[in-house]
Amino acid sequence: MQQKTVSTPQPGVCNGPSVEISGADPHYETPNATANQDYERDGKSYKIVQDPSNFTQTGLAAIYDAEPNSNLTASGEAFDPTQLTAAHPTLPIPSYVRVTNVANGRMIVVRINDRGPYGTDRVISLSRASADRLNTSNNTKVRIDPIIVAADGSLSGPGMACTTVAKTNLCATCPSGS
């Protein structure tokens, strides 16, 4: 009798057609020295992911819904719910990830610029704009796949498997070519 072999795709492996996704424009940014230190919060230790090329995560998303400029993010930027950003407890800051809504298949690129969510039931906190684009709620299951941006601007990592990032201008008020 022949046994069936079930293999789980590894991060960064493409087993289907390539799709184009939009969202934040991944570009090289210098890592934030203070935001990328291992830390402890509420008695729990968090270790920053050193190699995002071997990272992928699935779980529930939270929506980070605060007033614009009401909080500073871990990157030192003012929080802006209209930007395609997210908070993650251990991914490097800044970094980019492809977030997939598991229920409807929608995908978007977001920029990680903050820490959180804290607790055991959520894996990422999405800005209101990111959540709206994915059509998510606080009980939506998502998959997080990092996009690694090299100093030369090339993209790789699990978030690029079967994916190309659309080169679109999401700024309605910017002059063309911005």
**Request:** Would you please list the contacts, defined by Cβ atoms under 6 Å and residues six or more apart or on different chains, that run from a residue in the range 80-102 that is within 16 Å of Asp145 (Cβ to Cβ) to a residue that is surrounded by 22 or more Cβ atoms within 10 Å (Cβ to Cβ) and of a type in the set (Lys, Arg)?
**Result:** Tyr96/Arg111
**Request:** Looking at (1) in contact (Cβ under 8 Å) with a residue 40 or more places away in the chain; (2) under 23 Å from Thr34 (Cα atoms); (3) among the small types (Gly, Ala, Ser), find the lone condition where Gly153 falls short.
**Result:** (2)
**Request:** Give the residues of the range 35-44 that are at pLDDT 95 or above and either within 15 Å of the chain's Cα centre (by Cα) or surrounded by fewer than 11 Cβ atoms within 10 Å (Cβ to Cβ) (or both), sorted by residue number.
**Result:** Gln37, Asp38, Glu40
**Request:** Quick one: Pro26 ticks every box in (1) closer than 24 Å to Lys141 by Cβ; (2) modelled with pLDDT under 95; (3) part of a loop (DSSP other than H, G, I, E, B) except a single one, so which number is it?
**Result:** (2)
**Message:** Within the range 74-151, considering only strands (runs of 3 or more DSSP E) that don't extend past its boundaries, which have at least 3 residues that are in contact with a strand residue (DSSP E or B) (Cβ under 9 Å, 6 or more places away or on another chain) and of a type outside the set (S, T, N, Q)?
**Reply:** 95-101, 107-114, 141-149
**Message:** So, in the range 75-92, exactly how many residues are among the β-branched types (Val, Ile, Thr) and either buried (at least 23 other Cβ atoms within 10 Å of the Cβ) or touching a Leu at 6+ places or on another chain (Cβ under 7 Å) (or both)?
**Reply:** 1
**Message:** Tell me whether the range 43-66 contains one or more residues that are without any contact (Cβ under 8 Å) to a residue 40 or more places away in the chain and within 22 Å of Leu134 (Cβ to Cβ).
**Reply:** yes
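The values are calculated or read from the model by the stated rules, or taken from the named source; none is laboratory data. Source: prediction; values computed, not measured. Note that each Cβ is placed from the backbone with ideal geometry, even for glycine, and that neighbours are counted across all protein chains shown.
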